[in-house]
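Okay, structure first, notes after.
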Amino acid sequence: MREYLIVVIGPSGAGKSTFIKAMGFPPDSCYVTSQPMIEGLTKCGQPVNHDTIFALSEKWYVHDPYWQVPLILKALEGRRFLVVDGPRRLPEVRRLLEFRSAILVKILSSSQSRFSWLRQRKKISTRTLQEFDRLGQDEWQKMDLGQIMNLRANVTVVNSGTENQHKARGKRFGIALRLFSFLPRPILATVLRLAVW
């Protein structure tokens, strides 16, 4: 049985989690890369926000840039598909893409759309687009997201329509992945691109 690692990249608020949920895989088939940091902060009684997650992430990744890779591969064991939500470090993403059946999915959305979406769902406390863009600079420059987003993705999804349209793309992606996973990866990638068109 071929195992697939679907690595979903994109800035905060681009719609990664919405797209992933719409794929229709069980919750344990998703590995959220920020979760270990959130658990570490909670265990120490520290507040969980962008700045504390970023600071802890810096510390852990300086110590070992690949520390999450074994955790991700362990989570893949016994599963046909594992979706990796939101990696932010280039060495880690490159290592994951070495996996023989890795598929890189890039989610794009405008800064204004991402800010509005996150404010509406109370996922951020920033009040202005300017402040939100400052947080985004941490992702793009200090957390390697700019370099990661420059990688050539197997599938690129532009989230510029309604939430329902974005969910529909995620659902079609999940269905196509299940139905055509027997195909060689380059052909499967073409099918997946057509599914989200």
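Each value in this text was obtained by applying a stated rule to the coordinates, not by laboratory testing. What you are looking at is a predicted structure, and each value in this text was computed from that prediction instead of being measured. As a convention, Cβ positions derive from the backbone with ideal geometry for all residues, glycine included, and neighbour counts pool all protein chains shown.
Remarks
- Simple Cβ-charge dipole of the stretch 57-138, Lys/Arg +1 and Asp/Glu -1, about Cα centre, in debye nearest 20: 340
- The long axis of helix 50-63 is offset from the longest Cα principal axis of the chain by roughly 70 degrees.
- The residues Val7, Val158, when put in order of fewest to most other Cβ atoms within 10 Å, stand as Val158, Val7.
- Under 5 Å, built H, 5+ apart or other chain: amide partners of Val84: Ile6, Val7, Val8, Tyr31
- Using the Karplus relation 6.51 cos²θ - 1.76 cosθ + 1.60 with θ = phi - 60°, the per-residue 3J(HN,Hα) values for the stretch 27-32 come to x, 6, 8, 10, 10, 8 Hz, with x marking Gly and Pro.
- Prolate/oblate/rounded label for the chain (Cα gyration tensor, a/c 1.5): oblate
- Sequence of Lys171, Lys43 once ranked by neighbouring C-beta atoms within 10 Å, starting from the fewest: Lys43, Lys171
- Applied to the stretch 13-23, the Karplus parametrisation 6.51 cos²θ - 1.76 cosθ + 1.60 on θ = phi - 60° returns per-residue 3J(HN,Hα) values of x, 6, x, 4, 5, 4, 4, 5, 4, 5, 4 Hz, with x for Gly and Pro.
- In the chain, the longest principal axis of the Cα atoms and the axis of helix 111-120 are about 80 degrees apart.
- Residue exposure sequence - Arg169, Arg89 - by fewest surrounding Cβ within 10 Å: Arg89, Arg169
- Total charge dipole magnitude, the chain, about the Cα centre, Cβ charges on Lys, Arg, Asp, Glu only, Debye to nearest 20: 680
- For the chain, built as a Gaussian network whose Cα springs stay under 10 Å, the top-fluctuating residue of Gly174, Gly146, Gly40: Gly40
- Per-residue ellipticity at 222 nm computed for the chain from its helices equals -15000 deg cm²/dmol, with DSSP H segments shorter than 4 residues left out and the rest contributing -39,500 (n - 2.57).
- Summarising the amide proton neighbourhood of Ala102: residues at separation of 5 or more, or on other chains, whose placed amide H is nearer than 5 Å comprise Leu5.
- Each of Ile9, Tyr61, Gly24 was scored by the projection of its Cα onto the charge dipole of the stretch 1-71, and the greatest displacement toward the positive side belongs to Gly24; charges sit on the C-beta of Lys, Arg, Asp and Glu.
- 23 Å Cα cut-off, lysine pairs counted over the chain (separation 8 or more, or different chains): 25
- For the stretch 182-190, Karplus couplings with θ = phi - 60° (6.51, -1.76, 1.60), whole Hz, Gly/Pro x: 6, 6, x, 3, x, 6, 4, 4, 5
- Of Val69, Val84, Val155, the one that fluctuates the most in a GNM where the chain has Cα springs shorter than 10 Å: Val69
- Relative to one another, the C-alpha centroids of the stretch 137-185 and the stretch 78-94 are positioned 12 Å apart.
- Near Asn154, once Lys and Arg are set to +1 and Asp and Glu to -1 for all other residues with Cβ below 12 Å from its Cβ, the sum equals +4.
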